[in-house]
Amino acid sequence: MATSGSSETNIFKPSGATMKRQILVIGMVLAGWLAAIAGSQGLVYLLGHSRQGESISQWTFFNLPIPFWLTGQFLPLWFIILCVIFNIWMDRHDTHGRGAALRFRTRSNDGREE
Amino acid sequence: MEPGSVQYLPLSIVAALFAFLFFSGLGARTRQASEYGFGGSYSGRIGIGAAIASNWMSAASFLGLAGMFYLKGYLAMAFVVGWTGGYVLLLVLMATQIRRFGKYTAPDFVAFRYESEAARTLAAIIAIAIAAIYSVAQFRGIALLVSWLFGIAYTPALIIGASLVVGFVVISGTLGVARNQKLQYFVLIIAFILPLMLLTRKLGYFWLLPQFGYGTAISELKQQFGFVWPQPFAGESPFAWFALCFTLMFGTAGLPHVLSRFYMVPGIRDARWGVAWGLFFIALIYWSAPAYAVLARLFEARGSVPFDPASADTVVLSAALHGGLPVWVTGLLVAGGMSAAFSTVTGLMLTGAASFSYDIYPRLIRPNASENDKVYAAKGFFLVLSAVSLALAFRPGGMMIAEIAALAFALAGNTIFPVFLLGIWWGRANAAGAIAGMLAGVIITVAPLVAGGSIPLIASLLPYTSSAFLGAPLVIAIMIAVSLMTSPPSVEIRTFLNRHVHDGAEE
């Protein structure tokens, strides 16, 4: 039962195929999360500073100035999309990996997996 | 907002809403599990999401965010991104795993994972501090609304508001009223969005989706009044924006009363989908909040009302008032704000009182305390916590509601978040590392408040509302270093983590 070496929990050294798959999808979701935040703000900053004071707020999308829409509307929507993608993947992954997972699961009184 | 006269109709609407929520909670107390959306069905997951959103919605979301946007423009977008993006971190890194630990509070988790009563006590003290700071923001919001309702000044309004909170909790607790959070969310969202739709309709904008319709007001402000909304990053550096945004994200994934939602959800899939639905419901409010700030500016410009930074936290209310909405609509808005603040402050106070009566009192103060003693300790500490938050809310140091809340997020992001993150994802993290990390996190949070004035470097690198951007990685590094220098955790806890939490030992 010792958990040393490669079987010790470490997000950078996952042990087992299930955990490796899970960490891969976590990494992809977090990359999408970070890239959207940094990318959108980088774009807003560069556009604002490359037009010599001319307002980028003149450009609108869905009635809103681009920076407002990109940051205030798109990013929260993108986060929801990331959560949905992650959940769908995890639901499928749970089904595929159930044989391994059930060894350590219990069931509550109403039969739900815990 | 200046003192005026008693607003009888809005006051009646507030009273009616609280009576409605109170009696629905009274009726739901015996069937709490299903009413809270814990059924596990598809509609149950929506219910869990609504409960997560209701648990989250506070005076900072309802009043503070629009106030920040009114006052600081694009910087407020960091709140929108931080308070929604944090849920992605929470979902992918913590929600499933926390559920598998099966512990009911943050200190419980810390004590179990790190096998340390000292770490439990420290986590409990930090949880209490977070509850106290966050409650100050709620008390300020309640006081501003009570001030308008009764036409009185801030200080007496604060005392009345705090008394109402204490009375509400005492009566609810005595009668065993359940918090029907699913119902409460739908009341909140209607109270927030309906006035906005009516305002944009009155202005002739695209009122069906006022979250987009308010863009016309930005153009009108510029064309008719020459007011240009400040350019992004014009008033603050990109570092300040990112530091605030990531502090709020780390704090979201570290707030004890948010984390505790996942201990109580019946299934792992329900926990995950509950987060996604919860984020959608939260985003509905955040997509809408900037609109109130823009419309308030427009009405001020139209009515030649001077810009008043002191009224920023009530800008939602002033938009409705200057927009000429019927009084009952303004009453609905106030009722929603009061409900959000009351719900949050109640949850925070109860979390703080439970941390004291369960994690500190029987372990440090009275080791042989009976269950009855613990109940009295919880009640007594609830009153102490209320008094402390009330005292701090008298003079919140010129901070706005959202800024006070951000300070609580900074503390959570610097302490609880790293401890949970490494506790879940690194088997080698041990008690010494957790204790060192939490202590360092407290110092990092407090440093800009204590030494920021005399050491400008601290104030610029660790702004008090945004210290977790650099602070959380620093705490993680300290935890790793201290853990590696001291003995590893027991084989039992590492095995539990690897097999029960992560399914990692199938090979």
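The values are calculated or read from the model by the stated rules, or taken from the named source; none is laboratory data. This structure is a prediction, so every number in the text was calculated from the model and none was measured. FYI the Cβ positions are ideal-geometry reconstructions off the backbone, even for glycines, and counts take in every protein chain you see. To get the accessible areas, we keep the full protein, side chains included, count just its heavy atoms, and leave off ligands, DNA and RNA. Shrake-Rupley method; radii C 1.70, N 1.55, O 1.52, S 1.80 Å.
Summed over both chains, the accessible area lost when A and B associate is about 5700 Å², using a 1.4 Å probe.
By the compact-protein rule of thumb, 2.2 N^0.38 Å, the alpha-carbon radius of gyration of the stretch B:200-284 corresponds to a ratio of 1.62. The largest accessible area among B:ARG366, B:ARG113, B:ARG395 belongs to the first residue in B:ARG395, B:ARG366, B:ARG113, and the rest follow in falling order (1.4 Å probe, all chains). Given q = 0.06, 0.11 Å⁻¹, what are the Debye log10 I(q)/I(0) values for the protein assembly as shown, with equal point scatterers placed on the Cα positions and solvent ignored? The Debye formula, applied to the Cα set alone, gives -0.30, -1.07. In summary, the helical segments of chain B meeting the span-like criteria, namely a full DSSP H run, a Cα extent along the axis of 24 angstrom or more and a mean Kyte-Doolittle hydropathy of at least 1.6, are B:8-28, B:154-175, B:431-451, B:468-485.
What percent do you get for the relative contact order of the stretch B:297-393 when only Cα pairs under 8 Å and 6+ apart count? Relative contact order, the stretch B:297-393: 21 percent. With all projection directions averaged, the alpha carbon convex hull of the stretch B:39-120 covers 7.6 nm².
Mean per-residue shielding of peptide B:208-215 is 4, counting Cβ atoms of other chains within 10 Å of each Cβ. For the stretch B:82-229, the pair-distance distribution built from all alpha carbon pairs, in bins 5 Å wide starting at 0, is 2, 7, 7, 9, 15, 15, 15, 12, 8, 6, 3, 1, 0 percent. Over the stretch B:130-184, all Cα pairs binned in 10 Å intervals from 0 give whole-percent P(r) values of 23, 40, 34, 3, listed from short to long.
Three principal axis extents of the stretch B:355-457 based on alpha-carbon atoms, in descending order, are 50, 44, 23 Å. Between B:PHE22 and A:HIS49, the modelled labels are 5.6 nm apart [label points 7 Å from Cα along Cα→Cβ]. Label zone of A:LEU34 (point 7 Å out along Cα→Cβ, amide N under 20 Å): in the stretch B:399-417 this covers B:413-415, B:417. Each label point was placed 7 Å from the Cα along the Cα-to-Cβ direction; for A:ILE85 and A:PHE61 their separation is 1.6 nm.
The alpha-carbon positions of the stretch B:183-341 define a convex hull whose volume is 144 Å³ per residue. Amide H to amide H, with H built 1.01 Å from N, A:ASN10 comes under 5 Å of A:SER15, B:GLY427, counting only residues 5 or more places away or on other chains. Computed from the Cβ-Cβ distance with R0 of 41 Å, the FRET efficiency linking B:LEU439 to B:ILE190 stands at 0.35. Placing a pseudo-label 7 Å from each Cα along the Cα-to-Cβ vector at B:THR174 and B:VAL375 gives an inter-label distance of 1.4 nm. Ligands, DNA and RNA are left out, and with a 1.4 angstrom probe the accessible area of chain B is 33 Å² per residue.
Full extension of the chain between B:THR486 and B:ASN368 gives 39.2 nm of extra length, using 0.36 nm per residue less the Cα-Cα distance. Panel note: the C-alpha atoms of chain B, placed on their principal axes, show extents of 69, 52, 45 Å (largest first). Report the residues of the stretch A:63-82 in range of a label on B:PHE227: point 7 Å along Cα→C-beta, backbone N strictly under 17 Å from it. In the stretch A:63-82, the label zone of B:PHE227 (backbone N under 17 Å from the point 7 Å along Cα→Cβ) covers A:65. The lysine pair tally for the protein assembly as shown, using Cα distances under 24 Å and a gap of 8 or more places or different chains, is 5. Relative contact order of chain B, taken over Cα pairs closer than 8 Å and 6 or more residues apart, is 29 percent. Database remark: amide H of B:ILE152 closer than 5 angstrom to the amide H of B:GLY4 (H placed geometrically; neighbours at sequence offset of 5 or more, or on other chains; Pro and chain starts carry no H). Calculation over all alpha carbon pairs of the stretch B:55-99 in 10 angstrom steps from 0 returns a P(r) of 25, 42, 25, 8 percent.
Using the Cβ-Cβ distance between A:PHE12 and A:ARG92 with R0 set to 22 Å, the FRET efficiency works out to roughly 0.35.
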